[in-house]
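First comes the structure, then the notes that go with it.
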Amino acid sequence: MLLQKTTLLLCFLWVGTALSAQTQPVEFRGGGKKLKINQIQVLGTHNSYAQPVDSNVLAYGDPIFKGLMGMMQQRMTPEQMLEWKEYHPNEVLMSEGLAYNHPPLAEQLDAGMRSLEIDVYYDPTGNRFADPAAYRVMQSKGITQLAPFSKEGLDQPGFKVLHIADYDFRSHCPTLTGCLSELKTWSDAHPRHVPIFILLETKNQGIPLFPNPAQVLPFDARAFAELDAEVLRVLGRDKVITPDDVRGHYPTLEEAVKAHHWPTLAQSRGKFVFLMLTATDEKGASPYLQGHPSLEDRAMFLRSLPGSPHSAFLLLDNSLVRQADIQKYVQAGYLVRTRTDIETYEAKINDSTRADAAFESGAQVISTDFFRPGNKYGTPYVVRIPGGKTARLNPVNGR
């Protein structure tokens, strides 16, 4: 009798677990059978992998960054200064710009985030980022009580995940393989989740802050090929929505996008969309496009401006300045990312004006540093997607 009861209990637990994975809340009536993925809006985090910079390093770095920024701005043309101000609208210290604290990726997904941002560095030999210069400088000054950081996998060849080499390097998942593996595990356990938009920035150069810094390698065609291969290897091709899936029979990706040839939400549940933040140069060139002018056989959508064969994803972070432009591009079929807060300034002054503009703009992917209550400024500033679900109908093109 005990054996029978135990067997029944185990069966009940197994069925309950299976049902809980399959019958998650559906955000849209009908499950999104006709709704396209460019007709929804999701909220996510910025620099999602990052752990806070050690306070000693922050204090030491502030005057260095301030000096470097001053020299850089002196060399800018008026046009370059306008663009800089659009993406960095407030004068803040670097320590303020980094005043956020995210939990591990899976915890963010559990909280309803459906966009995550990951920065990657190319490290084909290993050990490139295992001995950060900032900590060497601190230790030379007798400061030994420094915030610990994970070195897991840093000695091995492969892509590394950190924000600023030698300075802002503390990461929940130091390797891209580790980050992707965590995402796949979570996704497999929640197979009906709306697509998760991964903003991936490839870092091409370091910042000369300390003596003997890490040598940052630029991403060339080989590095990009390896990057695509790693994404598809860890997640599986069936879990990634690629440019080929959108382009279909259209001659170019942009033509498909302007024809709203995105997959439906129902077709896209349990999958990922990779949006590469790395920009092309002034002539629209990038090693990622070499041999792939419309992103044929590529794993990711590349940040672009309208008018190129590969144009599908636009980065317009300043929703206050660009709200009308975002609305126009969303109506035209493009995917757009914007932000509710930039360099923590809105949290500091408890101002939701930018957040309101971001949601009203219709940008499909919206990033924040403050998806949960609590910040270093002690203000009540927090950002949640209207309606409180993990995604909502896009207010611009969803009707």
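Screening residue 249 on (1) touching a strand residue (DSSP E or B) at 6+ places or on another chain (Cβ under 8 Å); (2) at pLDDT 95 or above; (3) in a loop (DSSP other than H, G, I, E, B) shows it passes everything except condition (1). Against the test of being crowded, with 20+ Cβ neighbours inside 10 Å, touching a residue at least 60 places away in the same chain (Cβ under 8 Å) and aliphatic (A, V, I, L, M), the options 68, 109 yield a single qualifying residue, 109.
Residues that are under 25 Å from residue 365 (Cβ atoms) and in contact with a helix residue (DSSP H, G or I) (Cβ under 8 Å, 6 or more places away or on another chain) within region 45-88 comprise 45, 48, 49, 84, 86, listed in sequence order.
Quick one: which helices (runs of 4 or more DSSP H) sit completely within region 70-116 and have at least 3 residues that are under 24 Å from the mean Cα position of the chain (by Cα) and closer than 23 Å to residue 200 by Cβ? Here the list reads 78-87, 105-110. Scanning region 140-188 for residues that are small (Gly, Ala, Ser), within 21 Å of the chain's Cα centre (by Cα) and not in a loop (DSSP other than H, G, I, E, B) gives 171, 178, 181, 187. Of the residues examined, residue 274 is not one that is farther than 16 Å from residue 226 by Cβ, touching a helix residue (DSSP H, G or I) at 6+ places or on another chain (Cβ under 7 Å) and at pLDDT 95 or above. Return the only residue of 192, 136 being more than 30 Å from residue 387 (Cα to Cα), open to solvent by 10 Å² or more (accessible area, probe 1.4 Å) and among the basic types (Lys, Arg). None of the other options fit; the residue is 136. Among the residues of region 235-243, at least one is surrounded by 15 or more Cβ atoms within 10 Å (Cβ to Cβ) and touching a residue at least 60 places away in the same chain (Cβ under 8 Å). In region 343-357, is there at least one residue being hydrophobic (A, V, I, L, M, F, W, C), more than 19 Å from residue 88 (Cβ to Cβ) and crowded, with 21+ Cβ neighbours inside 10 Å? For region 343-357, residues hydrophobic (A, V, I, L, M, F, W, C), more than 19 Å from residue 88 (Cβ to Cβ) and crowded, with 21+ Cβ neighbours inside 10 Å: absent.
Condition first: more than 24 Å from the chain's Cα centre (by Cα), modelled with pLDDT of 95 or more and more than 25 Å from residue 370 (Cβ to Cβ). Now tell me which residues in region 20-63 satisfy that. Residues satisfying the conditions are 60, 63.
Exactly one residue out of 299, 256 is part of a loop (DSSP other than H, G, I, E, B), among the aliphatic types (A, V, I, L, M) and more than 30 Å from residue 355 (Cβ to Cβ): that is 299. The residues of region 285-304 that are under 19 Å from the mean Cα position of the chain (by Cα) and aliphatic (A, V, I, L, M), listed by number, are 299, 300, 302. Tell me whether region 148-156 contains one or more residues that are within 22 Å of residue 94 (Cα to Cα), surrounded by 16 or more Cβ atoms within 10 Å (Cβ to Cβ) and out of contact with any helix residue (DSSP H, G or I) (no Cβ under 6 Å at 6 or more places or on another chain). Within region 148-156, one or more residues are within 22 Å of residue 94 (Cα to Cα), surrounded by 16 or more Cβ atoms within 10 Å (Cβ to Cβ) and out of contact with any helix residue (DSSP H, G or I) (no Cβ under 6 Å at 6 or more places or on another chain). Of all the residues in region 210-224, those that are surrounded by fewer than 17 Cβ atoms within 10 Å (Cβ to Cβ) and out of contact with any helix residue (DSSP H, G or I) (no Cβ under 8 Å at 6 or more places or on another chain) number 3. Restricting region 195-209 to residues that are open to solvent by 50 Å² or more (accessible area, probe 1.4 Å) and outside any strand (DSSP E or B), which is farthest from residue 271 (Cα to Cα)? Per the criteria, the residue is 208.
Within the option set 331, 267, being open to solvent by 50 Å² or more (accessible area, probe 1.4 Å) and in contact (Cβ under 8 Å) with a residue 40 or more places away in the chain holds for one residue only, 331.
The values are calculated or read from the model by the stated rules, or taken from the named source; none is laboratory data. Owing to the predicted nature of the structure, the values given are computational and were not obtained by experimental measurement. Using ideal geometry, Cβ is built from the backbone for each residue, glycine included, and neighbour counts are taken over all protein chains shown. These area figures cover heavy atoms from the full protein model, side chains too; ligands, DNA and RNA do not enter into them. Shrake-Rupley method; radii C 1.70, N 1.55, O 1.52, S 1.80 Å.
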